Amino acid sequence: MTVRAEAEQALRDGLEHHRAGDGETAAQCYRRALDAAPEYAEALHLMGVIELQAGHWNEAADWIEKAITINDTAPAYHDHLAVIHRNQGRVEDAEMGHRRALAIDPKFASAHNNLATTLRQAGRLSEALQSARRALEAAPKDPTIAVNAGTLFMETRAYASAAEAFAKAAEARPDSAAMHERLGVALFRAGRIETAETAFRNAVRLAPKSQNSRRWLVDVLLALERADEASEVARALVEDAPDDTELKATAGVAALRAGDLDGAEAIFEAALERDARCLPAIVGQAVISASRGRIAEAMAHYREVLAIDPDNVDAYGNLAMYGDDGLDAADADHLAGLLRRKDLPEDLRATVSFALAQYLERVGEADAAWDWYVTGNMLRRAHLRGVGHVFDAARHAGFVDARRRIFTPGFFAAREGFGNAGERPVFVVGLPRSGTTLVEHILAAHPAVFGAGELRDLPIMAVRRTQAMAGGEKPYPESVAELSAQQIDALAEDYLARLAVRAPDSAEHVIDKMPFNFLHLGLIHLMFPNARIVHCRRDVRDIGLSCFTINFTDAHPWTTDLGDIADYVNAYLRLMAHWRDVLPEGAMTEIDYEALVADQEGESRRLVQSVGLDWDPDCLEFQTSERVVTTASRAQVRRPIYASSVGRWRRREAVLGAMLDRLEGGTVGD
């Protein structure tokens, strides 16, 4: 064997050990190669890599610099020396080294990947993102590059890109629970909740006892309104780690969302017995108190949160909703200071802006308040766009027109006899801020009625289930036209079963007050031809203003722009006019907020009669009820009906031009 052949064999042996993770034996082989051929550039380079992986920066640099003096055309040599320079704090030298490697080979994926990391360390995130994307293009199946790119995308809140990157990593390493978990987090952040569930379930399948993946699965199930399943997963988590107060708090949140307020309260108390400073548990107590109408108690809990975490933006945001006793001048000063923090994300900046606006409006600084509402909506809009929630007026109008095209008198005539003849469900619909919570509260004060709140079951059935039942090819609402009587009956039975879980058997009627079910009245009438529908109407100018000044928990991107609000309202008006034309007389009762304010008893009696019940005087004392309210109206609905919000838009008319100029037709939805 020649000397050169001996060196090459030693190098091959070293690479085999190196790839197996045995760096010590690999180094011995590389030294053998160098003993045979001292100018063997690749052996010098690989000795440098061994030292680099051991964190011996100076020794690594010495080896690789020697390799470069012998062969300066190998891109990996320059790239690895650049990584060493970055770890030595020589970021400019590192960037130059990566770029030398790329000058030799513009498609060298590792150099693009490492340059992205170096640029990120230098704070040049936009350039880092470009390099990460080039690395992915050059090596789309390399899991290391995909993870690095995905991590960078997550840091810059480019969640959709992160999901694409982590999907590549999970595809390359399908047996890695960590890869599926990373993918799940990115999908969740990008708003792709159902796909995120699949990713987390894959992670849990591969690592059944993973606390982190199961905790994320709880969040996903809650986002999908499957609180019972979330509660089951959370209970299992607590059983595996009974001393973990954060897990107890997670289980409490799941129980709360499942409607078990007493159970949630007990869990939060148990968590706080172990750790009196457990913030999620204190926040959970605040939510329970507010939901039950104990506003002063809720505020005290949020003050507890701020005593522990003075910068807790969500606590300030919740306090701001509670009128005169919510925020004070010191709070406003602190919030203004928070906005000077460069690390405060857009969504939290939006919350701060809305809180400041609500405070300033309360103290009479109307113009300054409006400026903060505008800022809050700009920030919220940017945040929502970043996670994939964008309102497209033309697309939404197309959805509405499809409903008008499908659900015609002929459509219903051809399907006479479809659906469940029961009258238990009552659907309260309308735009947000139209009085749906108030109407539900009045009805739920009746002993024969249970208010189940805003349920997402019907929209999920409409958009997803009907398409699957129809074979998956036609989207909703076209899919509904393909369904048989048996399939519609199955949907109705499934919906009733879900209601039964939430409501006591004694309830003659159960209210589903998801406002956006106005989009699905055709399907609702097909499923439940005898069900009562209550449409809440209000001057849409007041609705538009109210929506613009609320920092909604759900996305609703159309509420962040006055012009978009007008477009959304116009589509709503067209659709409601259509439902009036095609639904049979008596199927839908319309309650005007202004009329209810002017004649509470008269309109309340008409409301109760519309669902087929005898009058009960408790319906006039709805504000004293302790039933749960979780919507943005939870503070207002605890007070008697008041008229101050009627015509509120007139006080802001000068700044509402973008909305007022685009609104079409009537102002109350008729």
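In region 565-615, how many are open to solvent by less than 30 Å² (accessible area, probe 1.4 Å), touching a His at 6+ places or on another chain (Cβ under 9 Å) and part of a helix (DSSP H, G or I)?
Residues flagged as open to solvent by less than 30 Å² (accessible area, probe 1.4 Å), touching a His at 6+ places or on another chain (Cβ under 9 Å) and part of a helix (DSSP H, G or I) within region 565-615 amount to 6.
Could you please give the count of residues in region 1-23 that are at pLDDT 90 or above and either outside any helix (DSSP H, G or I) or open to solvent by 50 Å² or more (accessible area, probe 1.4 Å) (or both)?
Of the residues in that region, 10 qualify.
Given (1) out of contact with any Ser or Thr (no Cβ under 6 Å at 6 or more places or on another chain); (2) part of a helix (DSSP H, G or I); (3) free of Cβ contacts under 8 Å to residues at least 40 places away in the same chain, identify the lone condition not met by residue 255.
(1)
Out of region 182-196, which residues are on the phi < 0 side of the Ramachandran plot and either touching a strand residue (DSSP E or B) at 6+ places or on another chain (Cβ under 9 Å) or not in a helix (DSSP H, G or I) (or both)? Full working, then the answer.
Narrowing region 182-196 to residues on the phi < 0 side of the Ramachandran plot: 182-190, 192-196.
Matches in region 182-196: 190, 192.
Looking at (1) surrounded by fewer than 19 Cβ atoms within 10 Å (Cβ to Cβ); (2) β-branched (Val, Ile, Thr); (3) closer than 18 Å to residue 30 by Cβ, which is the only condition residue 64 fails?
Against the list (1) surrounded by fewer than 19 Cβ atoms within 10 Å (Cβ to Cβ); (2) β-branched (Val, Ile, Thr); (3) closer than 18 Å to residue 30 by Cβ, residue 64 comes up short only on (1).
When the residues of region 181-235 are narrowed to those that are of a type in the set (Lys, Arg) and touching a residue at least 60 places away in the same chain (Cβ under 8 Å), which ends up farthest from residue 153 (Cα to Cα)?
Initially, region 181-235 is screened for residues of a type in the set (Lys, Arg), giving 182, 189, 192, 201, 205, 209, 214-215, 226, 235.
Then drop every residue that is not touching a residue at least 60 places away in the same chain (Cβ under 8 Å), which leaves 189, 192.
Working: 189: 11, 192: 16 Å.
It comes out as 192.
State all residues of region 278-326 that are among the hydroxyl-bearing types (Ser, Thr, Tyr), modelled with pLDDT under 95 and within 17 Å of residue 354 (Cβ to Cβ); if no residue qualifies, say none.
As a first pass, look at region 278-326 and keep what is among the hydroxyl-bearing types (Ser, Thr, Tyr): 289, 291, 302, 316, 322.
So of that shortlist, the ones also modelled with pLDDT under 95 come out as 289, 291, 322.
322, the sole residue that qualifies.
Counting only residues that are in a helix (DSSP H, G or I) and either aromatic (Phe, Trp, Tyr) or open to solvent by 10 Å² or more (accessible area, probe 1.4 Å) (or both), how many does region 343-352 have? Don't jump to the end; show me each part of the working.
If we filter region 343-352 for residues that are in a helix (DSSP H, G or I), which is where we start, we get 346-352.
If we keep only those that are either aromatic (Phe, Trp, Tyr) or open to solvent by 10 Å² or more (accessible area, probe 1.4 Å) (or both) as well, we get 346-349, 351.
The total comes to 5.
Take region 529-552 and flag every residue that is open to solvent by less than 10 Å² (accessible area, probe 1.4 Å) and in contact with a strand residue (DSSP E or B) (Cβ under 6 Å, 6 or more places away or on another chain).
Once the filter is applied, which keeps residues that are open to solvent by less than 10 Å² (accessible area, probe 1.4 Å) and in contact with a strand residue (DSSP E or B) (Cβ under 6 Å, 6 or more places away or on another chain), region 529-552 yields 531, 533, 534, 535, 536.
Got a sec? Which of 146, 167, 230, 203 is touching a Gly at 6+ places or on another chain (Cβ under 8 Å) and at pLDDT 90 or above? Walk me through how you get there before you give the answer.
Details: 146 fails: touching a Gly at 6+ places or on another chain (Cβ under 8 Å); 167 fails: touching a Gly at 6+ places or on another chain (Cβ under 8 Å); 230 fails: touching a Gly at 6+ places or on another chain (Cβ under 8 Å).
Only one candidate passes the filter, namely 203.
Being touching a residue at least 24 places away in the same chain (Cβ under 8 Å), open to solvent by less than 40 Å² (accessible area, probe 1.4 Å), aliphatic (A, V, I, L, M) and under 19 Å from residue 46 (Cα atoms): is that true of residue 149 here?
No, not satisfied.
I'd like the residue in region 290-305 that is under 15 Å from residue 320 (Cα atoms) and among the small types (Gly, Ala, Ser) and, out of all such residues, is most open to solvent (accessible area, probe 1.4 Å).
Within region 290-305, the match that is most open to solvent (accessible area, probe 1.4 Å) is 296.
Within region 518-562, count every residue that is assigned to a helix (DSSP H, G or I) and without any contact (Cβ under 8 Å) to a residue 24 or more places away in the chain.
Going residue by residue through region 518-562, those that are assigned to a helix (DSSP H, G or I) are 518-527, 540-548, 557-560, 562.
Add one more test, that the residue is without any contact (Cβ under 8 Å) to a residue 24 or more places away in the chain, and what stays is none.
Result for region 518-562: 0.
Which of the residues belonging to region 319-333 are open to solvent by less than 30 Å² (accessible area, probe 1.4 Å) and not hydrophobic (A, V, I, L, M, F, W, C)? Before you say what the answer is, go through the steps one by one.
Step one: list which residues in region 319-333 are open to solvent by less than 30 Å² (accessible area, probe 1.4 Å), which gives 319-320, 322, 326-327, 331-332.
If the condition is that a residue be open to solvent by less than 30 Å² (accessible area, probe 1.4 Å) and not hydrophobic (A, V, I, L, M, F, W, C), then 322, 326, 331 are the ones that fit.
Out of region 491-517, which residues are part of a helix (DSSP H, G or I) and buried (at least 16 other Cβ atoms within 10 Å of the Cβ)? Spell out how you get there, then give the answer.
Going residue by residue through region 491-517, those that are part of a helix (DSSP H, G or I) are 491-502, 515-517.
Residues satisfying the conditions are 491, 492, 495, 496, 498, 499, 502, 515, 516, 517.
Would you check if there is a residue in region 200-208 being open to solvent by less than 20 Å² (accessible area, probe 1.4 Å), part of a helix (DSSP H, G or I) and more than 21 Å from residue 386 (Cα to Cα)? Walk me through it before giving the result.
Step one: of region 200-208, the residues open to solvent by less than 20 Å² (accessible area, probe 1.4 Å) are 200, 203.
Within this subset, residues satisfying the condition of being part of a helix (DSSP H, G or I) are 200, 203.
Checking which are more than 21 Å from residue 386 (Cα to Cα) leaves us with 200, 203.
Within region 200-208, one or more residues are open to solvent by less than 20 Å² (accessible area, probe 1.4 Å), part of a helix (DSSP H, G or I) and more than 21 Å from residue 386 (Cα to Cα).
Can you pull out every residue in region 395-404 that is open to solvent by 70 Å² or more (accessible area, probe 1.4 Å) and out of contact with any helix residue (DSSP H, G or I) (no Cβ under 9 Å at 6 or more places or on another chain)? Full working, then the answer.
We begin by selecting, within region 395-404, every residue open to solvent by 70 Å² or more (accessible area, probe 1.4 Å); these are 395, 399, 404.
Scanning region 395-404 gives a single hit, 395.
Hey, among 152, 136, which residue is more than 14 Å from residue 120 (Cβ to Cβ), in contact with a helix residue (DSSP H, G or I) (Cβ under 6 Å, 6 or more places away or on another chain) and among the aliphatic types (A, V, I, L, M)? So that I can check it myself, show each step before the final result.
On the way: 152 fails: more than 14 Å from residue 120 (Cβ to Cβ).
None of the others qualify; the one that does is 136.
List every residue pair whose Cβ atoms sit under 9 Å apart, with the two residues 6 or more apart in sequence or on different chains, where the first one lies in region 58-73 and is closer than 17 Å to residue 111 by Cβ and the second, anywhere, is of a type in the set (Phe, Trp, Tyr) and part of a helix (DSSP H, G or I).
Short answer, once both residue conditions are applied: 64/77; 67/77; 68/77; 71/77.
Taking residue 357 as the residue in question, decide whether it is out of contact with any Leu (no Cβ under 6 Å at 6 or more places or on another chain), more than 30 Å from residue 328 (Cβ to Cβ), modelled with pLDDT of 95 or more and among the small types (Gly, Ala, Ser).
On the way: out of contact with any Leu (no Cβ under 6 Å at 6 or more places or on another chain): yes; more than 30 Å from residue 328 (Cβ to Cβ): no; modelled with pLDDT of 95 or more: yes; among the small types (Gly, Ala, Ser): yes.
No.
Among the residues of region 236-252, how many are over 23 Å from the mean Cα position of the chain (by Cα) and part of a helix (DSSP H, G or I)? Quick ask: steps written out before the conclusion?
Residues of region 236-252 that are over 23 Å from the mean Cα position of the chain (by Cα), as a first pass: 236, 238-245.
From what is left, the residues that are part of a helix (DSSP H, G or I) are 236, 238-240, 245.
Result for region 236-252: 5.
What's the number of the condition residue 110 fails, among (1) open to solvent by less than 40 Å² (accessible area, probe 1.4 Å); (2) among the polar types (S, T, N, Q); (3) more than 32 Å from the chain's Cα centre (by Cα)?
All conditions are met except number (1).
For residue 163, indicate whether it is touching a helix residue (DSSP H, G or I) at 6+ places or on another chain (Cβ under 8 Å) and open to solvent by less than 30 Å² (accessible area, probe 1.4 Å). Walk me through how you get there before you give the answer.
Values: touching a helix residue (DSSP H, G or I) at 6+ places or on another chain (Cβ under 8 Å): yes; open to solvent by less than 30 Å² (accessible area, probe 1.4 Å): yes.
The answer is yes for residue 163.
Working carefully through the options 459, 475, find the one that is open to solvent by 10 Å² or more (accessible area, probe 1.4 Å) and either among the aromatic types (Phe, Trp, Tyr) or not in a loop (DSSP other than H, G, I, E, B) (or both).
Residue meeting the stated conditions: 459.
Would you confirm, using the coordinates I've provided, whether residue 151 is at pLDDT below 95, under 27 Å from the mean Cα position of the chain (by Cα), part of a helix (DSSP H, G or I) and β-branched (Val, Ile, Thr)? Don't jump to the end; show me each part of the working.
Working: at pLDDT below 95: yes; under 27 Å from the mean Cα position of the chain (by Cα): yes; part of a helix (DSSP H, G or I): yes; β-branched (Val, Ile, Thr): yes.
Yes, satisfied.
All but one of (1) in contact (Cβ under 8 Å) with a residue 60 or more places away in the chain; (2) surrounded by fewer than 16 Cβ atoms within 10 Å (Cβ to Cβ) hold for residue 262; state the number of the condition that does not hold.
Result: residue 262 fails condition (1) only.
Take the residues in region 418-447 that are assigned to a loop (DSSP other than H, G, I, E, B) and among the small types (Gly, Ala, Ser), then tell me which one is most open to solvent (accessible area, probe 1.4 Å). Break it down stepwise before answering.
If we filter region 418-447 for residues that are assigned to a loop (DSSP other than H, G, I, E, B), which is where we start, we get 418-424, 430-435, 445-447.
After this cut, where a residue has to be among the small types (Gly, Ala, Ser) as well, the list is 419, 421-422, 430, 434-435, 445.
Numbers: 419: 19, 421: 69, 422: 29, 430: 0, 434: 2, 435: 15, 445: 22 Å².
Filtering region 418-447 for residues that are assigned to a loop (DSSP other than H, G, I, E, B) and among the small types (Gly, Ala, Ser), the one most open to solvent (accessible area, probe 1.4 Å) comes out as 421.
Inspect region 353-376 for any residue being under 23 Å from residue 648 (Cβ atoms), open to solvent by 50 Å² or more (accessible area, probe 1.4 Å), not in a helix (DSSP H, G or I) and not small (Gly, Ala, Ser) and give the result as yes or no.
Checked region 353-376: at least one residue is under 23 Å from residue 648 (Cβ atoms), open to solvent by 50 Å² or more (accessible area, probe 1.4 Å), not in a helix (DSSP H, G or I) and not small (Gly, Ala, Ser).
The values are calculated or read from the model by the stated rules, or taken from the named source; none is laboratory data. Only a predicted model underlies this, so the values are computations on that prediction, with no experimental measurement involved. Glycine also receives a Cβ, built like all others from the backbone with ideal geometry; neighbour counts cover every protein chain displayed. Side chains included, ligands, DNA and RNA excluded: accessible areas come from the protein's heavy atoms. Shrake-Rupley method; radii C 1.70, N 1.55, O 1.52, S 1.80 Å.
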